[in-house]
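Notes follow the structure.
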Ligand SMILES: Nc1ncnc2c1ncn2[C@@H]1O[C@H](COP(=O)(O)OP(=O)(O)OP(=O)(O)O)[C@@H](O)[C@H]1O
Ligand SMILES: [Mg+2]
């Protein structure tokens, strides 16, 4: 799997990394710029960038740092989204209930499926995560009271202790921003922590890790649960962003898109996942406006980036920076 | 009688029809260095794999300090004080030499379910890791990515990882394999210094090293212990000479 080599060594300590700072600065200021254009459209677009960035960070945690290529992560996004929709249909819209529920169900699903998936390796792991993803997809499609295959609309956005903090698009945007920032910082801390070091070591050489005394499987399962919860969080936010939920959220194409975002942005960097999500979604909207077959343009771009800039966009930036400082 | 550090009772392992470990019984006492020699394919690595837990025996028993560990997974055996090196270098290529060793220290000092705080800056872990690197004269290369170390340095790193585990029993699978004469000598020197601190099982083809280091030698041929005893007795054993040593010593 040389294609899935991470660009970067683990997060460097001590010095400020400007790229993540810049990314979050741009995201923090984006609503101001949006006010000069079609505000609702652009604000919505950037909101979904950040929502998918959370899911992509989860995928990067597993793929980029743990070597666990998950092809079913959209299932968690779907679970989070359905938690909002199903509670909503039953008249419960407060996130004090729906968000913990979304996270709990994601965690349980991750724990159970992880227990099975993590017994396998490499391509088998990919296949079995895909299989569980498809299972979730079909279960969602069979939820007749909640729209079945057609999906179900979310009538009201989530409230917090009765306050409609998501109703204003800008306020919602900054809530999603805060969730993204928190997810990013959490994963960053995690990767450098004792736990993260064991998790990363397990990717390098699971046999060595076992023979120095680590039960690799348990650490991987904890990471899988954390990544599952992040996926659930993204789904919770996605349902609020789109005010609609359908089984399509869980399709394998969606899982594939998350991997593509991470590869495009740069595997094993976390902020690369944010860049990847932004590139994918913005290109989809820009190129999608030009031609329906925008993937015909995006596909070759992805191949070129993966082939020639091993570390995705982040790797490309690094290469350009090195070139400039050499000259 | 005191319990030996390692006791193996009638261990058997077959891959299909191939009997690779055929009724091996042996004991290693505290501080003893026990060498296992034998021709290629004799089943030496397979024996070490079964002791360290990466391979399940077909039958027989393995006891570490009197406790039956036959059914334990490798990580639990490590926690009981069993460390090993691999014939084919087994390190973490994307980590620095220091972090390779620090992880071994981390495994036996406190919980690793800590999700915040930088592990790489825990000086308690780093200090002990550095001490182990110093023992194998690798302290000057602590910050180097393990993948970038020379072959000999990687072998030394494996040894440092094992030392950092503060083992009760150390299994060494051809620690000098593929190293030049100078590096071999260095490793022999390290092992000589370590001798007596803990029990060791050494598998090695370099007979000079084996006879310089071993307190006892067992000769393994076709998965069977052909002879076992003090180095001089083994060297003089005619059966051993014909089966194995003859070609190696001439
Ligand atoms: N997983 C396996 N499946 C089938 N046969 C195996 C397996 N592992 C080892 N063998 C066979 O078992 C025999 C013993 O192998 P082993 O690696 O233990 O030998 P060794 O004594 O360590 O040899 P060397 O000195 O070359 O390292 C060999 O014939 C080998 O082909
Ligand atoms: Mg061998």
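Quick look at the values:
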item: Lone unmet requirement of (1) more than 24 Å from residue B:137 (Cα to Cα); (2) more than 16 Å from ligand 1 (Cβ to nearest atom) for residue B:208; result: (1)
item: Residues of the stretch B:192-203 satisfying the condition of being within 11 Å of residue B:33 (Cβ to Cβ) and in contact with a strand residue (DSSP E or B) (Cβ under 7 Å, 6 or more places away or on another chain); result: B:195, B:198, B:199, B:200, B:201, B:202
item: When residues of the stretch A:114-127 are limited to those that are touching a residue at least 40 places away in the same chain (Cβ under 8 Å) and surrounded by 12 or more Cβ atoms within 10 Å (Cβ to Cβ), the one nearest to residue A:202 (Cα to Cα); result: A:118
item: Filter result (more than 7 Å from every other protein chain (Cβ to nearest Cβ) and surrounded by 24 or more Cβ atoms within 10 Å (Cβ to Cβ)) within the stretch A:203-218; result: A:209
item: Number of positions in the stretch B:47-68 that are within 16 Å of ligand 2 (Cβ to nearest atom) and in contact (Cβ under 8 Å) with a residue 60 or more places away in the chain; result: 4
item: Filter result for residue A:267 (surrounded by 24 or more Cβ atoms within 10 Å (Cβ to Cβ) and closer than 16 Å to residue A:50 by Cα); result: no
item: Check on residue B:77, within 16 Å of ligand 2 (Cβ to nearest atom), at pLDDT 95 or above and crowded, with 23+ Cβ neighbours inside 10 Å; result: no
item: Residue, surrounded by the fewest Cβ atoms within 10 Å (Cβ to Cβ), within the stretch B:49-63, restricted to residues that are more than 8 Å from ligand 1 (Cβ to nearest atom) and within 14 Å of chain A (Cβ to nearest Cβ); result: B:56
item: Checking residue B:106 against (1) at the interface with chain A (Cβ under 7 Å from one of its Cβ atoms); (2) crowded, with 24+ Cβ neighbours inside 10 Å; (3) touching a residue at least 24 places away in the same chain (Cβ under 8 Å), the condition it does not meet; result: (3)
item: Residue within the stretch B:110-120 that is within 19 Å of the chain's Cα centre (by Cα), more than 16 Å from ligand 2 (Cβ to nearest atom) and either crowded, with 24+ Cβ neighbours inside 10 Å or not assigned by TED's automatic domain parsing to the domain that holds residue B:7 (or both) present; result: no
item: Lone unmet requirement of (1) farther than 27 Å from residue A:223 by Cβ; (2) touching a helix residue (DSSP H, G or I) at 6+ places or on another chain (Cβ under 9 Å); (3) surrounded by fewer than 21 Cβ atoms within 10 Å (Cβ to Cβ) for residue B:189; result: (2)
item: Selection status of residue B:192, more than 23 Å from residue B:24 (Cβ to Cβ), more than 16 Å from ligand 2 (Cβ to nearest atom) and assigned to a loop (DSSP other than H, G, I, E, B); result: no
item: Unmet criterion (only one of (1) free of Cβ contacts under 8 Å to residues at least 24 places away in the same chain; (2) surrounded by fewer than 23 Cβ atoms within 10 Å (Cβ to Cβ)) for residue B:125; result: (2)
item: The listed residue being over 23 Å from residue B:30 (Cβ atoms) and buried (at least 23 other Cβ atoms within 10 Å of the Cβ), out of B:157, B:226, B:145, B:163; result: B:157
item: Residues of the stretch B:117-138 that turn out to be within 12 Å of another protein chain (Cβ to nearest Cβ) and in a loop (DSSP other than H, G, I, E, B), as a count; result: 3
item: Those residues of the stretch B:142-176 which are away from chain A (no Cβ under 14 Å) and in contact with a strand residue (DSSP E or B) (Cβ under 9 Å, 6 or more places away or on another chain), in sequence order; result: B:142, B:174, B:175
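The values are calculated or read from the model by the stated rules, or taken from the named source; none is laboratory data. Bear in mind that the values here come from a model prediction, so they are computed numbers and not experimental data. Cβ coordinates were reconstructed from backbone atoms using ideal geometry, including for glycine residues, and neighbour counts include every protein chain displayed.
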